[in-house]
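The values are calculated or read from the model by the stated rules, or taken from the named source; none is laboratory data. Computed from a prediction, not measured in an experiment: that's the story for all the values here. Note that we place each Cβ from the backbone using ideal geometry, even for glycine, and neighbour counts take in every protein chain shown. Surface accessibility is based on the protein's heavy atoms, side chains included, excluding ligands, DNA and RNA. Shrake-Rupley method; radii C 1.70, N 1.55, O 1.52, S 1.80 Å.
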Amino acid sequence: LLFMLPGIFILSLVVVYLSPISAGSSLPEIKGYLNGAHVPGLFGIITTAVKALGVIGVIGCGYPVGREGPMVQLGCALAYQVIRIPFFKNIITKEHDASKTRESEAQENMQE
């Protein structure tokens with residue numbers, strides 16, 4: 001037990017000083033974001049790195065931890081960062097424009 005304490009202490013300092021939003025499972029924050037609430041820094045690079053480091057460290061130290069919540073947050077953050085790459089942004093914009101075109105065509109057909 002004593003050999004785990006320094007690792008957990010260092011990890012807790014990293015969370016407290018670098019990214020306090022990465023503490024906990026982050027599931028309530030993600031639910032709030034999906035419902036339209038803006039949560040600053042939830043999907044930032046620092047938050048993602050601190051969350052990944054924390055999950056790896058806590059599991060490595062042998063503490064029981066629910067991995068589902070942190071993994072959901074890491075997956076959402078990774079998807080958020082990937083979408084910001086210009087190549088993917090262009091693909092998403094094209095698909096969004098195509099769906100708008102289909103919707104407007106369907107509405108025009110209904111009006112006729």
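A compact table of results
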| quantity | calculated |
| --- | --- |
| Residue list for region 47-70, filter: over 13 Å from Ala23 (Cα atoms) and surrounded by 15 or more Cβ atoms within 10 Å (Cβ to Cβ) | Gly57, Cys61 |
| Which listed residue is out of contact with any strand residue (DSSP E or B) (no Cβ under 8 Å at 6 or more places or on another chain) and assigned to a helix (DSSP H, G or I), from Gly36, Gly7, Gly41, Gly24 | Gly7 |
| Filter result (surrounded by 16 or more Cβ atoms within 10 Å (Cβ to Cβ), modelled with pLDDT of 85 or more and within 13 Å of Val72 (Cα to Cα)) within region 1-32 | Glu29, Ile30 |
| Test: residue in region 52-60 that is touching a residue at least 12 places away in the same chain (Cβ under 8 Å) and at positive phi | no |
| Residue match in region 87-109 (condition: among the aromatic types (Phe, Trp, Tyr), open to solvent by 70 Å² or more (accessible area, probe 1.4 Å) and at pLDDT 75 or above) | yes |
| Unmet requirement for His38, which otherwise passes all of (1) on the phi > 0 side of the Ramachandran plot; (2) modelled with pLDDT of 85 or more | (1) |
